[in-house]
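Undergrad: First the structure, then my questions, so here it is.
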Amino acid sequence: MPDPLVIDNRKDSLFQVDREVFTSQEVFERERELLFGPSWLYVGHESELPERNDFRTRDVGGRSIIFNRDRRGEVRVLLNTCLHRGASVCRHPAGKAKIFTCFYHGWAYRNSGELVNVPSAEDYAASPADVYGGLHTPRIESYRGFWFVNFSGDAPDLRSWLGTATYLLDLAVDQSEDGIEVLTGTHNYELHANWKLLVENSVDGYHAKSVHHTYFEMMMELGQTPPMLGDADTNGVPPAGLGTEFDNGHATLIYPGNGLPLANENVVRNLAELREKAVQRCGESYATAVFDLARNSIFFPNFVLIDLNFGMILRTIMPVAPDRTEVTSWHIAPRGLDGESLQYRIDNALTFWGPAGLATPDDVEALEQAQRGFTARNEVRWSDISKGLGKARPAANDELQMRAWWRQWNALMTGERLPREVDEFVPFDTRTPQGA
Ligand code: FES
Ligand SMILES: [Fe+2]
């Protein structure tokens, strides 16, 4: 592998990434081991498992897993690979099960993992249950209902890993005193592009005006001021917004929100009521952060939370090949919304973020074009991520967020630790609200 892959040149305020990292099979395999091994990876939200024996299967960190609530009510992650010869013990995307039975030879496991039945067990001199115990259960931890898994034995605990970035999850959860829930229905789509391009894109404020101009024009025609084009200063956040980096490669861009495009009076009034309750619970400054600002956040390596006033999504970005990526996206909402407000958010999920919405297809097109451009890597070797480098307070449309992420990438892949660029900056009251 050529060296270095990331150039962080503070003297000339230049930050460059070798395009090799978007195409190379070797880099792809090293990422699986060195990045996805020791990092905390988002699995799912507790609201997806409301009852005992509920399960969801999904792929996390390249492994097939079962995310479930066992018969005693405990949330678990089980590796979905039979101890006998490796077949999946659960082949359904979601459902209810007390026992998972492997369809290959019929070994059966309790939903807490123990191997409880082996057909023709008398033929084994040593009992497989005694020899193998149960399905592998990797380390899991949660923060306010968000469950993460770690496949490495010696990672720090989840809270240490998230650090101050837990605050970004708080701001989503605290929209309602009852927290948030994942809404039914999932968007799954695939990109013919490297996964890191979507990581960049998820916190890229620079592309919004050009790639999403159709959306902005539509909003302007409807008399709405798009985010990042407004003129208000919200709670210390300037109209152009701010980029912020946290330890361990997490980063966010924060900007004055876009209000509620196309919302009717009831929806507007309902959100105002939620905001008023948040003021009473957590104070005006915190409520301003929750309701009047918008955020695009990346939790290293591949978990995204986009928290706009008109809707929120969670996204995981899974590499399947150097030039292929699978994306899963869930819409989340404050618990207890009235039907109209919920419908409004679901409409936005479909028309803005959905695979046929106003935002996502344009992003996908941009990323697939970039991937095609990397075929000329021999002639044009470096991608530039320098925008705003050297500024004391990079704006939301600078690229601090991506550089923070790339520095963590570089540290895990090469062992070289590049110093941070700016101090953590949270432009409002960081008092932990009740329930945190
Ligand atoms: S592979 Fe599961 S029972 Fe044989
Ligand atoms: Fe975009």
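The values are calculated or read from the model by the stated rules, or taken from the named source; none is laboratory data. Model, not experiment: these values are computed from the prediction. Glycine also receives a Cβ, built like all others from the backbone with ideal geometry; neighbour counts cover every protein chain displayed. We work out accessible area using only protein heavy atoms, side chains counted, and drop any ligands, DNA or RNA first. Shrake-Rupley method; radii C 1.70, N 1.55, O 1.52, S 1.80 Å.
Undergrad: Just give me the residues in the stretch 103-131 being open to solvent by 80 Å² or more (accessible area, probe 1.4 Å) and among the hydrophobic types (A, V, I, L, M, F, W, C), in sequence order.
TA: PHE103, ALA125, VAL131
Undergrad: With the requirement that a residue be in a loop (DSSP other than H, G, I, E, B), of a type outside the set (Gly, Ala, Ser) and in contact with a Pro (Cβ under 6 Å, 6 or more places away or on another chain), what does the stretch 381-417 give you?
TA: Quick first cut of the stretch 381-417, residues in a loop (DSSP other than H, G, I, E, B) only: 381, 385-399, 415-417.
With the extra rule that they be of a type outside the set (Gly, Ala, Ser), the set shrinks to 381, 385, 387, 389, 391, 393-394, 397-399, 416-417.
If the condition is that a residue be in a loop (DSSP other than H, G, I, E, B), of a type outside the set (Gly, Ala, Ser) and in contact with a Pro (Cβ under 6 Å, 6 or more places away or on another chain), then no residue fits.
Undergrad: Right, something else. Looking at TYR167, TYR143, which one is in contact with a Lys or Arg (Cβ under 9 Å, 6 or more places away or on another chain) and within 24 Å of ASP247 (Cα to Cα)? First the steps, then the outcome.
TA: On the way: TYR167 fails: in contact with a Lys or Arg (Cβ under 9 Å, 6 or more places away or on another chain).
It is TYR143.
Undergrad: Test of understanding: among PHE100, PHE36, which residue is surrounded by 20 or more Cβ atoms within 10 Å (Cβ to Cβ), away from ligand 1 (no atom under 16 Å from the Cβ) and either modelled with pLDDT of 95 or more or within 19 Å of the chain's Cα centre (by Cα) (or both)? Full working, then the answer.
TA: Values: PHE100 fails: away from ligand 1 (no atom under 16 Å from the Cβ).
After ruling out the rest, the residue left standing is PHE36.
Undergrad: Restricting attention to helices (runs of 4 or more DSSP H) lying wholly within the stretch 121-174, give those where 3 or more residues are closer than 20 Å to VAL89 by Cα. Let's see the steps before the verdict.
TA: Working: elements: 128-132, 158-162, 166-173.
In the stretch 121-174, the matching helices (runs of 4 or more DSSP H) lie at 128-132.
Undergrad: Just checking, how many residues over the stretch 1-33 are among the β-branched types (Val, Ile, Thr), in contact with a strand residue (DSSP E or B) (Cβ under 7 Å, 6 or more places away or on another chain) and open to solvent by 20 Å² or more (accessible area, probe 1.4 Å)? Before the answer, list the steps.
TA: Restricting attention to the stretch 1-33, the residues satisfying the condition of being among the β-branched types (Val, Ile, Thr) are 6-7, 17, 21, 23, 27.
Add one more test, that the residue is in contact with a strand residue (DSSP E or B) (Cβ under 7 Å, 6 or more places away or on another chain), and what stays is 6-7, 17.
Add one more test, that the residue is open to solvent by 20 Å² or more (accessible area, probe 1.4 Å), and what stays is 7.
Total satisfying the criteria: 1.
Undergrad: While we're on this one: Which of the residues that make up the stretch 48-86 are open to solvent by 30 Å² or more (accessible area, probe 1.4 Å), modelled with pLDDT of 95 or more, in a loop (DSSP other than H, G, I, E, B) and of a type outside the set (Asp, Glu)?
TA: Step one: filter the stretch 48-86 for residues open to solvent by 30 Å² or more (accessible area, probe 1.4 Å), giving 50-52, 56-59, 62-64, 69, 71-72, 74, 76, 81, 83-86.
Checking which are modelled with pLDDT of 95 or more leaves us with 50-52, 56-59, 63-64, 69, 71-72, 74, 76, 81, 83-86.
Pick out the ones that are also in a loop (DSSP other than H, G, I, E, B) and you get 50-52, 71-72, 74, 81, 83-86.
Within the stretch 48-86, PRO50, ARG52, ARG71, ARG72, THR81, LEU83, HIS84, ARG85, GLY86 qualify.
Undergrad: Return the residues of the stretch 348-380 that are assigned to a helix (DSSP H, G or I), open to solvent by 70 Å² or more (accessible area, probe 1.4 Å) and away from ligand 2 (no atom under 15 Å from the Cβ); say none if nothing qualifies. Before the answer, list the steps.
TA: Step one: of the stretch 348-380, the residues assigned to a helix (DSSP H, G or I) are 348-353, 360-376.
Filter once more, so that each one left must be open to solvent by 70 Å² or more (accessible area, probe 1.4 Å): 350-351, 365, 369, 372, 375.
Matches in the stretch 348-380: LEU350, ARG372, THR375.
Undergrad: Give me the pairs, please: first residue somewhere in the stretch 275-303 and more than 26 Å from PHE148 (Cβ to Cβ) and free of Cβ contacts under 8 Å to residues at least 60 places away in the same chain, second residue anywhere and assigned to a strand (DSSP E or B) and β-branched (Val, Ile, Thr), beta-carbon distance under 8 Å, and either six or more positions apart or on two chains.
TA: As it stands, the answer is ASP292/THR234, since those pairs meet every condition given.
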